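J.: Below: one structure in structure tokens.
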Amino acid sequence: MLILKTLARLGPMHGYGIAQHIQQTSEAVLQVEEGSLYPALQRMLIKGWVTAEWGQSDNHRRARYYRLTPAGKKQLGVELSEFEKVMRAIAQVIQPA
Amino acid sequence: MMDWLGELWRRLLFPFRRQQFDRDLEEEMRFHLDMKAQESGAAAARRKFGNGTLLLEDSRQAWGWGGVESWAADLKYALRVLRNNPGFAAVAVFTLALGIGASTAVFSVVNAVLLRPLPFREADRLMMVWETRETRGEDRVVVSYQNFCDWKEQSRSFEHMAVFVGDAARMMVGDEPVLVPGARVSGGFFPALGVQPIMGRTFLPEEERTSAQRITVLSYDFWQRLGGDRNLVGKTVQLDRDVFTVVGIMPRGFSFPKDSELWFPFATDDSRNGPGAHYLRVVARLRAGVTVTQAQSEIETIAARLKLAHPKENEAIGANVVPLHDQIVGEARRALLVLMGAVGCVLLIACANVANLLLVRVTGRRRELALRLSLGAGRWRIARCLLAESLLLALAGGALGVAAAHWLVRAFVALDPIHLPRIQEVAVNGGVLLYAVAAAIAIGVLFGLAPALHASRPDLGNWLKEGPGAPGVGEFGKNRGRSLLAAAQIALAVTLLIGAGLLLRSFVMRVRVPLGFRPEGVLGVELPWSVNRRIDELLDRLRALPGVQAAGAATAFPQNHAGSYCDDCLEIEGRPRGQGKARDTGFMVATADFFRAAGMTLQRGRFFTAADGADAPKVAVINEALARRDFPDQDPIGMHVRWGTKEWSTVIGVAGNVKGFGVAGDPMPAVYFPNRQASWGNGVQVLMRTAVPPLSLAGAARREIRAWNKRMIFGKLDTVDNMLAESVAVPRFYMMLVAGFAVLALVVSAVGVYGTVNYSVARRTHEIGIRMALGAERGDVLAMILGQGLGLMAVGVALGLAGAWVSTRVLETLLFGVQPTDAAAFAYGSGVLVLAVLLACYVPARRATRVDPLEALRHE
């Protein structure tokens, strides 16, 4: 979900960029092995939520850019609403009575 | 839906883009690391990124090909391991090929004969309907036309019902007459079997009369032999003296009843169709949805009604529905199942052997496995490697076995040693292949599981420490798996040996029954019954041949099943006629010289002579069994008997009992009448006692028969010795086959025990060395090693005896004169095995005693 959201916000981005973005926006709370991004991206490629193509990075190196597909957008919508449902439920449970 | 398809497509493309994928991913990760390194230094970047190789592996795994790829790697590795141990691989593959080959061959026979439906449309609905004789306990008696008509008219269970009776036509092929087998069949015959001619038609109702034009339907094969003329329908063929119009040709492969080449219409107005003439067979097709039980109860009701309606003709006559498949396969079923069981034992023993070999190997490879485990290989992965190895072995063995089975089956079909029904359908086909492959895979997994389990419960520390000759690990107690396998092998082998012993003893009993005649030096030939009284002419000719001492003839000698018998035909003057099985009496016709030619014994009185002609006083000879049954306390000579005639015959002699061809019961009481005072009922068996080797006269005898009757078809000219051998060919075949399997089982399991003990000795060389250095005598060492083997054997033999006690019961109907729990067979069976196992233990035990303590200790 985080990857999909990042791609939706930033447009096409390479793996390093995605990792950077997630870390920065979550204010370093979400600390993951950055490498684990790549198996996840593979799974999304299989599902057809993202496509990948080689392009030029900001510092003129070859980098692989991932782009959200319409199916990916739909999936993001689904996951966001699922997430909100869960959040709402948690919120209700922990709300002071 | 589309998503799913797209995903599948992307996954399928993956293997082709594999290299591209690896390059891309690596570059991508390097880029990530480089960027990160610029930011926070190379070491931190790598720490933050995680295990690159593992991640690469994970990414690849995501595409779902990981399983396949690692299996392929496992197989490749297994192949390499096996190639490096050609001896082990060869022994394992050969053992498995033996087991799988033998079982595949037997299964292909079982499959064709027992499992596959008969080659008819909806064959499970085809039935035979028989009369029964309630008082005699017979349930498959040929049917009278009257009863057939009543059944057909009154029953609702059958869609079609038809009678047929075997018939044959004579044809001249060059100068030699040949008999073409066929059948006369009534209207519903072809519809009942669900076949239609490929050309022409079958019979019309108006053709089922004696007065109708002579017509015939041909089998495909017979049509081909006649030249395969596509316009043959409507033309005529000459059969014997008659001309028949061909009205139809049946499809290829249709030949029912067995071996039929021709079909003729059954004449419903035939004078032979009287109410007392029971000579027909009935085939019927059940209506859809009707079960055999329903049909059976309906036909019983009808039979009960007929009994009331025709009390005279149908007294004690019932009816019985038998599925056609049971009818055809019938007797072969049990024998085939026994063979299947025997061959299954062989297969299991072979598997146990290979499992043992693998276990031994895996113990030897523990260091390697432990190393791999400690380097991070998963237990499942290790187990899978071992499974791949065993699967590879099993499949190789299976392939070799199938090839062997293919040749075995071809040879078996060509020889047809036991006249199996449906033998022509036996082949290694798709179903059989499926069986073999399934068996191979099941076996591979099964015996691969033992070592795999062993390796998945590793004791890393100790395994790594193990040297090549580590002490202790070869002990039986510590290796329950292997001992269990060896004991199971022994148990199975004991069971098989006992089974074989029973069949062997039964066979010996069968051949040991006194014959009652001397078969040596006798040439025989069977002639059709139509020879009648002209037989004397032929016998004179044969007697004139140089080297012939005596020539005689009798109906179906010695009284085989073709001889006729009857329970209420024999009348003894002054006594009421009896009925029931105990009154069954055989009816024989014999010529004057017959008793001498056969070498039968005379108990009292005299045999027939040339003087017992048509006009002479009527005489008869009875056998010993008849004398004992009907004249226990009096002299039968001079008593008067008759068999369906007006005149009485005087008993002039008592002949010794004669054992029948293939008939394995007590001799039946029988009465002989001279051929000039009675007419032949059945075939005529001519016997020539010769002073020279009998077969040297075969050519001359054949020429004499031809000169006497040019057109007559006669059976094989052969020695009576050969005929007797032929009559026990079936039990002998089963006996040999099961004995063969038993010997195989014996050898394989002895090799298994040898391997186990030998391995143990090899592993304990060091320990034995210490023992001997400390003063153990050779005898002590010998006893120690033997003791282990014998413990194993005791368990195995005990299990085997118990198994045999339970399982030999299935042999009961195949045995003659031997109980399935025959003590001698049990003793022989286990005795032979004990000897073999002793030998298998002794050889390695001997080697153990020759261990040089110095050598063994330096070995460490």
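The values are calculated or read from the model by the stated rules, or taken from the named source; none is laboratory data. The structure presented is a predicted model; accordingly, all values stated were derived computationally and were not measured. A quick note on method: Cβ atoms are made from the backbone with ideal geometry, for glycine too, and the neighbour counts reach across all protein chains shown.
J.: Could you check the stretch B:704-788 for helices (runs of 4 or more DSSP H) lying wholly inside it with 3 or more residues that are in contact with a helix residue (DSSP H, G or I) (Cβ under 7 Å, 6 or more places away or on another chain)?
T.: By residue number, B:729-763, B:765-773.
J.: Still on this structure: How many residues does the stretch B:15-50 hold that are facing another protein chain (nearest Cβ under 7 Å) and either at pLDDT below 75 or touching a Pro at 6+ places or on another chain (Cβ under 6 Å) (or both)?
T.: Total satisfying the criteria: 3.
J.: Continuing with the same structure: Being of a type in the set (S, T, N, Q) and out of contact with any helix residue (DSSP H, G or I) (no Cβ under 6 Å at 6 or more places or on another chain) is the filter; apply it to the stretch B:160-208 and report the residue that is nearest to B:ILE705 (Cα to Cα).
T.: Here the answer is B:SER186.
J.: Kindly indicate which of B:GLU315, B:GLU368 is among the charged types (D, E, K, R) and assigned to a loop (DSSP other than H, G, I, E, B).
T.: So the residue among B:GLU315, B:GLU368 that is among the charged types (D, E, K, R) and assigned to a loop (DSSP other than H, G, I, E, B) is B:GLU315.
J.: Would you call B:ALA610 under 25 Å from B:PHE517 (Cα atoms) and part of a loop (DSSP other than H, G, I, E, B)?
T.: Spelling it out, B:ALA610 is indeed under 25 Å from B:PHE517 (Cα atoms) and part of a loop (DSSP other than H, G, I, E, B).
J.: Let me confirm something: among A:ARG43, A:ARG64, which residue is facing chain B (nearest Cβ under 8 Å), assigned to a strand (DSSP E or B) and either closer than 24 Å to B:ASP34 by Cα or of a type outside the set (Gly, Ala, Ser) (or both)?
T.: A:ARG64
J.: Can you work out which of the residues in the stretch A:46-61 that are within 9 Å of another protein chain (Cβ to nearest Cβ) and either assigned to a loop (DSSP other than H, G, I, E, B) or within 13 Å of the chain's Cα centre (by Cα) (or both) is surrounded by the fewest Cβ atoms within 10 Å (Cβ to Cβ)?
T.: A:ASN59
J.: While we're here: Cβ-Cβ distance below 7 Å, separation of 6 or more or different chains: which pairs start in the stretch B:165-182 with a residue that is within 13 Å of B:SER219 (Cβ to Cβ) and end on one that is among the charged types (D, E, K, R) and part of a strand (DSSP E or B)?
T.: Short answer, once both residue conditions are applied: B:GLY182/B:ASP167.
J.: Would you pick out the residues in the stretch B:816-835 that are within 15 Å of B:VAL508 (Cβ to Cβ) and of a type in the set (Phe, Trp, Tyr)?
T.: Residues satisfying the conditions are B:PHE816, B:TYR828.
J.: Can you list residue pairs whose Cβ atoms sit under 8 Å apart, with the first residue in the stretch A:78-97 being under 25 Å from A:TRP49 (Cβ atoms) and the second being in a helix (DSSP H, G or I)? Count only pairs 6 or more apart in sequence or on different chains.
T.: A:GLU79/A:LEU4; A:LEU80/A:LYS5
J.: What tally of residues in the stretch B:663-703 results from selecting those that are in contact (Cβ under 8 Å) with a residue 40 or more places away in the chain and either in a helix (DSSP H, G or I) or among the polar types (S, T, N, Q) (or both)?
T.: 13
J.: Run B:SER59 past the list (1) away from chain A (no Cβ under 14 Å); (2) among the hydroxyl-bearing types (Ser, Thr, Tyr); (3) within 17 Å of A:GLN42 (Cβ to Cβ) and report the number of the one that doesn't hold.
T.: (1)
J.: Sticking with this structure for a sec: Of all residues in the stretch B:115-164, which are among the small types (Gly, Ala, Ser) and over 17 Å from B:VAL292 (Cβ atoms)?
T.: If the condition is that a residue be among the small types (Gly, Ala, Ser) and over 17 Å from B:VAL292 (Cβ atoms), then B:GLY137, B:SER144, B:ALA162 are the ones that fit.
J.: Those residues that are surrounded by 15 or more Cβ atoms within 10 Å (Cβ to Cβ) and over 34 Å from the mean Cα position of the chain (by Cα), I need them from the stretch B:701-737; list them, please.
T.: Listed by number, the residues that qualify are B:ALA701, B:GLU704, B:ILE705, B:ARG706, B:TRP708, B:ASN709, B:MET712.
J.: On to the next question. Can you go through B:LEU96, B:LEU12, B:LEU79 and tell me which one is surrounded by fewer than 17 Cβ atoms within 10 Å (Cβ to Cβ) and more than 14 Å from chain A (Cβ to nearest Cβ)?
T.: Checking each option against the conditions leaves just B:LEU79.
J.: While we're on this one: State whether one or more residues within the stretch B:758-768 are in contact (Cβ under 8 Å) with a residue 60 or more places away in the chain, more than 30 Å from B:ILE418 (Cβ to Cβ), surrounded by 21 or more Cβ atoms within 10 Å (Cβ to Cβ) and small (Gly, Ala, Ser).
T.: So far as the stretch B:758-768 goes, yes, one or more of its residues are in contact (Cβ under 8 Å) with a residue 60 or more places away in the chain, more than 30 Å from B:ILE418 (Cβ to Cβ), surrounded by 21 or more Cβ atoms within 10 Å (Cβ to Cβ) and small (Gly, Ala, Ser).
J.: Moving on to the next point. When B:VAL106 is evaluated against the numbered criteria (1) more than 38 Å from the chain's Cα centre (by Cα); (2) at pLDDT below 90, which criterion, by number, is the only one it fails?
T.: Evaluating B:VAL106 over (1) more than 38 Å from the chain's Cα centre (by Cα); (2) at pLDDT below 90 leaves (1) as the failure.
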